[in-house]
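To start, the structure under review is shown below, and the notes come after it.
No lab work stands behind these numbers, since they all come straight from the coordinates. What you see is a predicted model; the values in this text were computed from it and never measured. Glycine gets a Cβ as well: all are built from the backbone with ideal geometry, and neighbour counts include every protein chain shown.
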Amino acid sequence: MINLIKSEIKKVFKKRSFLIVTIIFIFYAIMTNVIYKNLNSLDSTTKYDIPSLQEENSHLDLGKEEDLTTFISNLTRIELENLKKDYNSGTQKYLIDKYLYNPLYSLISSRYQETKESDIAALTEKYNTTLELIKNSNWEYFIKENITSLETKLSKTTENKEQTRIKAFIDIENYRLKNNIPCDTTNYLNNALDAIKTNLTEYLNLQAKENLTKTETERLSYLKEDMLRNKYILMHKKDLNNMENLKSVLANFAEEFGLFILIYVVLIFGPIVSEEYSKGTIKYLLIKPYKRSTILLAKFLAGLILIPFVIILMLALEVLIGGLILGFNSLNIPILIYDSAKNILISYSIFKYVLIVLLSIIPMYLMLGIICFSLSTITTSTSAAITITFLFYLIANVISNLVLVYKTSIFKYFISLHWDFNYLITKTPNPYHFSYQTSIFVLLIYTIVILSFTFIYFNKKDVKNI
């Protein structure tokens, strides 16, 4: 048996198609990593279409108050965007966006509205002072001003919820000063703080509200996860949101390279039996001192051994290619999974995460391999086995989506509804509302039925005329 399995594995490695697919995978992995390298995920500044704003302004009637307001707002944004072109610092760009808009808007408004000379002088001085602080990247000044303003509001507020909200914002600003986190669009700690500030009011409101709707409950769960993730970033100084690194490619390994896993599966199982018929070697194979069932089992086991091997090969090539293009430093950044039931984050090392994700989807590839193996044996046609397997995969995805959308029960035991266990990793409910024990049982039944029929057919097949 072992010699038969070794022989089958050697046949696969000697195939030109195996080498070609591997070479294509290498080129695809290179392109994928290059794309990740240029995602520009760290640039959190909002982009504005200046020509569109200029075009809109050209059609506005400044005699109308509403149009004048829009005109001044657009002109302010145009001047800010042009101003940012003169600054390379992420801190300066951030401060321009956050703190220069109001002084500039007020100054521009004075040009189009009746304003006293003294007021215009004051507005000009305010603008120039703010711009000078920005030129010097003096972000601490603006944060201290925020704290002073918030403390003034707090002293005038008696409502408990509002006091809680203001205190939370004061704590955030003080945390920035204490930990010396600059206001910088390229600083991931700054972006984490900003994310917390952006969602804080909504988070506190939903948390204090009773009888939440389903949509509100889902939104609150999302906000809790986002808060915990950003707090983790601040506490552990890990750039979890950076997508331009090897960790991100590996975290999405199943999605980015899943098609290649399927190609390898059908490449292994498609010709594994049918090729013996097409080459006429089946007769020589059957005269060996082995039972037919032993020969077929050896072929099947060889395929099962090769599937994890090619996945490990793909993973190793990706780590090497991605490391050379993106660097290896990100491999120490963990993957965090939010458990909504316990409201906690579960931390995985990147390789442990990739492993458990692959284990969660391996049943799908195994079932497709079994189907392809059966078709190869029964049809004795490699092209038919591969083509039908691919078609089955596509149809299975369509059926899965139909069940999700229309909640139809007629397909509840269809195989594609049971072969993906990724929900166990993401700590989310099964989208089809099955327990994992039920899915395992269904997959075992399919496996037993398909393989039993295949082995019975092969044992009874007449090969005299081949």
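In this structure, Lys291 and Met235 have a Cβ-Cβ separation that, at R0 = 60 Å, corresponds to a calculated FRET efficiency of about 0.45. Length gained on full extension, Lys197 to Asn179: 4.8 nm, using 0.36 nm per residue less the C-alpha separation.
A simple rule links phi to the HN-Hα coupling: the Karplus curve 6.51 cos²θ - 1.76 cosθ + 1.60 with θ = phi - 60°, which for the range 442-453 gives 4, 5, 5, 4, 4, 4, 5, 5, 5, 5, 4, 4 Hz, with x for Gly and Pro. Near the amide H of Ile344, within less than 5 Å, lie the amide hydrogens of Asp339, all on another chain or at least 5 residues away, with H placed in the peptide plane. Count Lys and Arg as plus one, Asp and Glu as minus one, and take only other residues whose Cβ is under 14 Å from that of Thr215; the net charge is then 0.
Relative to the current alpha-carbon distance between Phe328 and Leu204, full extension at 0.36 nm per residue lengthens the span by 40.8 nm. Within the range 37-139, the trypsin sites (Lys or Arg not before Pro) that combine a DSSP coil assignment with at most 12 other C-beta atoms in a 10 angstrom radius are Lys47, Lys64, Lys85, Lys116.
Of the trypsin sites (Lys or Arg not before Pro) found in the range 159-245, those that fall in a DSSP loop while having at most 16 other beta-carbon atoms within 10 Å are Lys209, Lys237. Scalar couplings 3J(HN,Hα) for the range 394-409, obtained by applying the Karplus form with A = 6.51, B = -1.76, C = 1.60 to θ = phi - 60°, are 5, 5, 4, 5, 4, 4, 4, 5, 4, 5, 5, 7, 9, 6, 6, 9 Hz; x denotes Gly and Pro. For the range 371-466, trypsin sites (Lys or Arg not before Pro) meeting the loop criterion (DSSP other than H, G, I, E, B) and having at most 13 other Cβ atoms within 10 Å: Lys407, Lys464.
Once both labels are positioned 7 Å from their Cα atoms along Cα-to-Cβ, the gap between His433 and Leu83 label points is 5.7 nm. Recomputing semi-axes √(5λ) of the Cα gyration tensor in Å from the coordinates shown identifies the correct label among (1) 62, 25, 21; (2) 36, 31, 20; (3) 35, 26, 21 as (1). Considering helices alone, the calculated mean residue ellipticity of the chain at 222 nm is -24500 deg cm²/dmol, with DSSP H runs of length four and up weighted by -39500 (n - 2.57) and normalised per residue. Distance between the pseudo-spin-label points of Val398 and Ile356 (7 Å out from Cα toward the beta carbon): 3.6 nm.
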